[in-house]
Amino acid sequence: MLLENIVTLFMLILLQAVLGFDNLLYISLESQRAPKEKQKYVRKLGIGLAVGLRIIMLFVVVKLVAFFQDPWIEVNTKFFSGAFTFESLITLFGGVFIIYTAIKEIWHMMELEEHDESSDKSKRSVGKVIFLIVMMNLVFSFDSILSAMALANHTDANGVVVYNMWLMTIAILVSGAMMIWLADKVSEFLQRNRMYEVLGLFILLIVGVMLLTEGGHKAGMTLFENHITAMNKTTFYFVIFVLVLVDIVQSRYQKKLNKV
């Protein structure tokens, strides 16, 4: 039993790490909207609050799992249909918000405005940045919580599904600590290499598209009689790999051109 719990805990931590990549990128980019001297504080407090709320959400979802699975809104027209659960609505909202954020930041970059200490980026309040980090962390939490519940459960003698809350809680705490550490590293890297911030925003845009397709798939959504299919993780990571590869090749080619 002990060995089984250790293996399950390892799998839960690995799951949290894999599913938390897009969340980590968002935190690293969003924290740069706060004043420079407050950015580390914002990341630590934002992630800390989000981890606490994620644990609370875990207990709520376990108690009310059927409530999150039952449709809240049902639409059935000739051009559009779907049965929207609470989970699918949150996922769709997260996708729309992330796409909006990424497009807005990309547009600002295309305007070629200088971003100094008095710019809009540094004027965003600490409270607002922390709020956005916490809210988006919770949006990303649904998949990881439901996946963790699928891994850390067993059926008792009465045929009732029992969830190992201790293992899931420890996995959330460990992944939160890793996220705080990695968010600082990723943010520092982006600040030293501003050119990669563009890459990060386009990856964030893909994350938003993935969330939209995932929310639509969970709701059984159809558009013009075409079913929405969720972008799987393999496709997502392949697209990211291609984006990173193109960025590396382009930057090296640009350096060679500058030497000519």
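The values are calculated or read from the model by the stated rules, or taken from the named source; none is laboratory data. Every value quoted in this text rests on a predicted model; they were computed, and no experiment measured them. Every residue, glycine among them, receives a Cβ derived from its backbone with ideal geometry; neighbour counts consider all protein chains shown.
Does VAL61 satisfy being in a helix (DSSP H, G or I), more than 15 Å from the chain's Cα centre (by Cα) and surrounded by 15 or more Cβ atoms within 10 Å (Cβ to Cβ)? When the stated conditions are applied, VAL61 passes them. Residues considered: GLU214, GLU197. Of these, the only one that is in contact with a helix residue (DSSP H, G or I) (Cβ under 8 Å, 6 or more places away or on another chain), charged (D, E, K, R) and within 21 Å of VAL139 (Cα to Cα) is GLU214. For the range 214-234, the tally of residues that are in a helix (DSSP H, G or I) and either surrounded by fewer than 13 Cβ atoms within 10 Å (Cβ to Cβ) or under 14 Å from the mean Cα position of the chain (by Cα) (or both) stands at 4. ILE73 satisfies every condition listed in (1) at pLDDT below 80; (2) outside any helix (DSSP H, G or I) except (1). Scanning the range 107-155 for residues that are surrounded by fewer than 18 Cβ atoms within 10 Å (Cβ to Cβ), of a type in the set (Ser, Thr, Tyr) and modelled with pLDDT under 75 yields SER118, SER119, SER122, SER147, THR155. Return the residues of the range 11-61 that are among the basic types (Lys, Arg) and either modelled with pLDDT under 75 or more than 12 Å from SER175 (Cα to Cα) (or both); say none if nothing qualifies. Within the range 11-61, ARG33, LYS36, LYS38, LYS40, ARG43, LYS44 qualify.
Of all residues assigned to the range 1-10, at least one qualifies as being outside any helix (DSSP H, G or I), over 12 Å from ILE172 (Cα atoms) and modelled with pLDDT under 75. Looking only at the range 78-105, residues that are part of a helix (DSSP H, G or I), surrounded by fewer than 15 Cβ atoms within 10 Å (Cβ to Cβ) and at pLDDT below 80 come to 1 in all.
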